[in-house]
Amino acid sequence: STWWTLASTMALAVGFGALFMSRYISSGTSSRLPAGPYSLSGVFLAQAPIAVLGVLAITGEFATGSIRTSCAAVPQRRTLLTAKAVDLAATTAIIGIATSLSAFFLGQALIGNSHLEAHLANPDVIRAVIGFALYLVIVSLLAVGVGTLIPHTAGAIATVVTLLAVLP
């Protein structure tokens with residue numbers, strides 16, 4: 001369901017961000033690396049549930065046959081696909097910002113009162129926080145596109161995950 005995928009996105013990003021941040025604090029290299037963006041390292045695991053959500057946004061209708069009803073209600077397929085993409089992009093952007101801010105503030109809480117803290121006013125930090133959310137939006141839109149081209153859920157998910165794992 002949508003709620004489970006969004007919750008798992010937050011849990012993976014914040015949880016693994018905290019795990020990576022605690023490892024960052026305990027390592028001896030912490031004074032050479034930027035503390036703020038490092039707490040957002042969980043994005044690479046959070047992209048998988050967002051990709052699944054993007055695929056399911058379109059292939060779920062193919063699987064149940066409700067795509068016929070949607071196309072009857074909105075005969076212009078571009079309009080239908082654009083509406084789905086805008087809805088998913090807005091949802092993903094909201095979850096992405098909430099997740100990135102949660103991961104960042106948890107990372108700052110783990111640092112405590114040491115000299116490593118970062119602030120949202122720092123250009124690198126705000127760029128990383130916003131970039132985290134924008135990356136998740138791009139992943140969700142890629143997944144909608146692949147789900148449109150491959151109307152089978154398992155094949156579309158496998159394709160998106162392969163693209164995300166191979167391209168970077």
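The values are calculated or read from the model by the stated rules, or taken from the named source; none is laboratory data. Nothing here was measured: the structure is a model prediction, and the numbers come from that model. Cβ placement follows ideal geometry from the backbone for every residue including glycine, while neighbour counts extend to all protein chains displayed. Areas reflect the complete protein model, heavy atoms only, side chains present, ligands, DNA and RNA absent. Shrake-Rupley method; radii C 1.70, N 1.55, O 1.52, S 1.80 Å.
Only helices enter the 222 nm calculation for the chain: every DSSP H run of n ≥ 4 contributes -39,500 (n - 2.57), and dividing by all residues gives -27500 deg cm²/dmol, rounded to 500.
So how tilted is helix 153-166 from the main axis of the chain? Cα-based, degrees 0 to 90, rounded to 10. Helix 153-166 sits at roughly 40 degrees to that axis. Helix 123-149 and the long axis of the chain differ in direction by around 20°, with both axes built from C-alpha atoms. Only one item in [x] 46, 37, 33; [y] 77, 29, 22; [z] 60, 27, 25 matches Cα extents along the principal axes in Å derived from the coordinates shown, and that item is [z].
For helix 77-111, what angle does its Cα long axis make with the longest principal axis of the chain, in degrees from 0 to 90 and rounded to 10? Orientation of helix 77-111: about 20 degrees from the principal axis. Result for the chain in a Gaussian network model with C-alpha springs under 10 Å: among Gln76, Gln108, Gln47, the largest mean-square fluctuation is at Gln76. A 1.4 Å probe run over the stretch 1-111, with the rest of the protein chains in place, finds 52 Å² accessible per residue. Overall, the accessible surface of the stretch 39-138 at a probe of 1.4 angstrom is composed of carbon and sulfur to the extent of 68 percent.
Placing +1 on each Lys and Arg Cβ and -1 on each Asp and Glu Cβ, with no other charges, gives the chain a dipole about its Cα centre of roughly 260 debye. Note on Ile25 and Ala63: the extension gain reaches 9.0 nm, defined as 0.36 nm multiplied by sequence separation minus the Cα-Cα distance. Here's the picture: charge each Lys and Arg Cβ at +1 and each Asp and Glu Cβ at -1 in the chain, and of Ala93, Ile25, Leu164 the one pushed furthest to the positive end of that dipole is Leu164.
Subtracting the Cα-Cα distance of Thr82 and Ile138 from their residue separation scaled by 0.36 nm leaves 18.7 nm.
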